[in-house]
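The values are calculated or read from the model by the stated rules, or taken from the named source; none is laboratory data. Quantities reported herein were computed from a predicted structural model and do not represent experimental measurements. A quick note on method: Cβ atoms are made from the backbone with ideal geometry, for glycine too, and the neighbour counts reach across all protein chains shown. Note: accessible area is taken over every heavy atom of the protein model, side chains too, but ligands, DNA and RNA are not part of it. Shrake-Rupley method; radii C 1.70, N 1.55, O 1.52, S 1.80 Å.
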Amino acid sequence: MTVNISYLHPQYWRLYLLTLVLGIGGSFQYGIQISIITFPHVQRFVNHTWTLRYGAPLSDSNSKLVWSFVLAVLSLGGWAGAIHGGRLPVVYGRKKTLLFNNVVAIVAALLMIFCRMAKSFEMIFLGRFLYGYNIGLGLNVHLMYLGESSPKKLRGFLTLTGSIFIALGKLTGQIVGIKELMGTEELWPYLLALSGVPAVLQFVTLQFFPEAPRYLYIDKGDTEGAKQALQWLWQEDNLKVELEDMQEERESTRGEEAKTLRDALTSRSVRWQILTLALPCGGIQFCGINSLYFYAFDIFHESGVPENQMQHLALGIGATELTAVSFLIERIGRKKLMGYGYLTMGVTMTVLTVTLSLKHLNSWIPYLNIALIFCVICVYGLGPCGVSMALSADLFLQAWRPSAYVISGTINWLSMFMVGMLFGYVVDDLGPFCFLIFVAYTISSGAFLLGFVPETKGRTMVEITQDFDRLNYKNSAPLTSPTYCSTKF
């Protein structure tokens, strides 16, 4: 990982351990769940179970429907978890919410282990829904907890590590899912239960860490508890600057409770923050990255890659994303990473669309297609993937942050559900030209982010809010202090 070595000062070793603990039970789970589901084994199990019950196998159309639901139910669970990610961390705190969330994942893992013994594919449906809930809630609280436990100089870097854990989870799922390890007829239930392991690890280790200091200070008013948590995590006594920053943020929202989802969607004071959040969160699904994974095996086949080597070559895609996500973290501003990242992805996918259409004209073109896939994934990891994970922590003050995570999670999971359900039909109708839809989204998003969005790197929460207030109140002055004004549209 290429980072400024000054970030790795040994006094923060406990904070780095907290980063590891939160990542393993947080965004790492997302990466695993979107990479380990194995179609042939689950399909055979569903058909076998159906035949035992009803004396006849599933028809092809019903089999596809069942499989589509197995995939889609994860998104529905993720949406439910994201919705609860606004209230549970406020009422019970970040730490207790994550402990509860791990219990959900452990129950899901047990359902997966015993589904074959019980001859119940419904247990797979329920397990996938619970996994989705665990991921939807865990992604929100993971980044919320980490951002509220980090000093300003480390906050951007550490919250961006959420994307590293996603990429690491994808690669881990791809590795353990190969047939030489757990991708076998005997072990697939244990492969589906794999997320129970990081859930147990986080449940045990998180007990040794304090609650998020900013939550204690701003939400609970526990000044002494927040100070003790900071001293334990950072191992330094001079906390004047950080405490003043938290005091400034608390003063700016004094008398306000955590904002509701309705407040966030209707308040003029966060209009541009919501728009800035929505584009990258939707872009995680609409930038075309998942469709590239879908197309990868077809392109490998066209290039002459042997069938038994395709899965191993796919590991290279996962490794590329992991390496790219790690490389530019905190080297340049988040605005540039997102904006230029989307623009570069759009241009590269335009070229890919052309070469996919011409793949039969020359024997070397399919190999160019492989290179372009790796290029798009690399750019995705360098920019949009990492930055979008940190936006809710970067753009919103404490009172607004839980609702912001609900909005980002809702956009992400509903977009994922939409792409998962509709993309196959789009491919049937448009073929390789389906990428033009993603080209339009990435280029327009990149232009908007570069043209209108303020930079957030190295800024305090209040400074960032003041920059956005210049956009929110461009044509009229706010009626009250802009850092907590709630004037409606």
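A few notes on this one:
- Going through (1) at pLDDT 95 or above; (2) under 15 Å from Y131 (Cα atoms); (3) more than 20 Å from the chain's Cα centre (by Cα) one by one, F69 falls short only on (1).
- Single residue of region 344-357 satisfying the filter (open to solvent by 50 Å² or more (accessible area, probe 1.4 Å) and either at pLDDT 85 or above or in contact with a Lys or Arg (Cβ under 9 Å, 6 or more places away or on another chain) (or both)) that is nearest to L395 (Cα to Cα): T344
- Residue in region 40-51 that is under 20 Å from G147 (Cβ atoms), touching a residue at least 40 places away in the same chain (Cβ under 8 Å) and surrounded by 18 or more Cβ atoms within 10 Å (Cβ to Cβ) present: no
- Matching residues in region 362-411 - criterion: being part of a helix (DSSP H, G or I), under 19 Å from N472 (Cβ atoms) and of a type outside the set (G, A, S): L391, D394, L395, R401, I407
- Some residue of region 139-146 being in the same structural domain as Q33 (by the TED database) and farther than 13 Å from N101 by Cβ: yes
- Residue check, K240 surrounded by 19 or more Cβ atoms within 10 Å (Cβ to Cβ), modelled with pLDDT under 85 and of a type in the set (K, R): no
- Here G221 passes the criteria (1) surrounded by fewer than 18 Cβ atoms within 10 Å (Cβ to Cβ); (2) in a helix (DSSP H, G or I) except the one numbered (2).
- Filtering L187, L201, L181, L261 for residues that are over 30 Å from P454 (Cα atoms), in contact (Cβ under 8 Å) with a residue 24 or more places away in the chain and of a type in the set (A, V, I, L, M) leaves a single hit, L201.
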